[in-house]
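The values are calculated or read from the model by the stated rules, or taken from the named source; none is laboratory data. Given the structure is predicted, the values throughout are model-derived calculations rather than measurements. Note that we place each Cβ from the backbone using ideal geometry, even for glycine, and neighbour counts take in every protein chain shown. Keep in mind that these areas ignore ligands, DNA and RNA; they rest on the heavy atoms of the full protein, side chains included. Shrake-Rupley method; radii C 1.70, N 1.55, O 1.52, S 1.80 Å.
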Amino acid sequence: ILRVMLLAGQYIPEDVIGDTVALVSQSTEVQPYAVRRFFSALKKEPAKKPLVYVAVWFLGEFGDLLIVADGEDYVATEAEVIDLLQKVLTHPLADDLTRDYCLTALAKLAARFSAQQQQA
């Protein structure tokens, strides 16, 4: 699904976005993998809206899984997750829906990330 989103970009139908979110939400085994892969993809492609919507939603729901070491080769810090959301939020091509998703993700992560990072 991620490869298709990267290749097709803006031509992804809206129902694919919802289906992708629902698929990953129902499978706890896939969530850490999905959030890591979409996090990496979002860093490279912050303007492809379907990818942005799904990745930002995953960060809001499962972003805390990025900062937990579980044997994966890459673990992000709280600052990296917040910086990426800020980058997407302030991107010149960000529309109102993108900003809504980013602000919602940041609000969700505020409850999960450390108090020290929230003050930074």
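Brief remarks follow.
- Whole-percent carbon and sulfur share, accessible surface of the chain, 1.4 Å: 56
- Considering only VAL30, VAL21, VAL56, the mean-square fluctuation computed in a Gaussian network model of the chain, springs between alpha carbons under 10 angstrom, is largest for VAL30.
- Each Cα pair under 8 Å and six or more residues apart adds its separation to the average, and for the chain the resulting relative contact order is 25 percent.
- Taken per residue, the accessible surface of the range 1-93 reaches 54 Å², heavy atoms only and a 1.4 Å probe.
- Helix-only [θ]222 nm of the chain, DSSP H runs n ≥ 4, -39500 (n - 2.57) each, per residue, nearest 500: -20500 deg cm²/dmol
- Extension gain for the segment ASP96 to ASP83, taken as residue separation times 0.36 nm less the Cα-Cα distance, is 2.8 nm to one decimal.
- Dipole magnitude of the chain about its Cα centre (Cβ charges: Lys, Arg +1; Asp, Glu -1), debye to nearest 20: 280
- Its Cα centre serving as origin, the range 23-67 has a Cβ charge dipole (Lys and Arg +1, Asp and Glu -1) of approximately 280 debye.
- Option label - semi-axes √(5λ) of the Cα gyration tensor in Å computed here, alternatives [x] 32, 13, 12; [y] 21, 17, 12; [z] 27, 16, 12: [y]
- Mean-square fluctuations from a GNM of the chain, with a 10 angstrom spring cutoff on Cα atoms, peak among PRO50, PRO32, PRO92 at PRO92.
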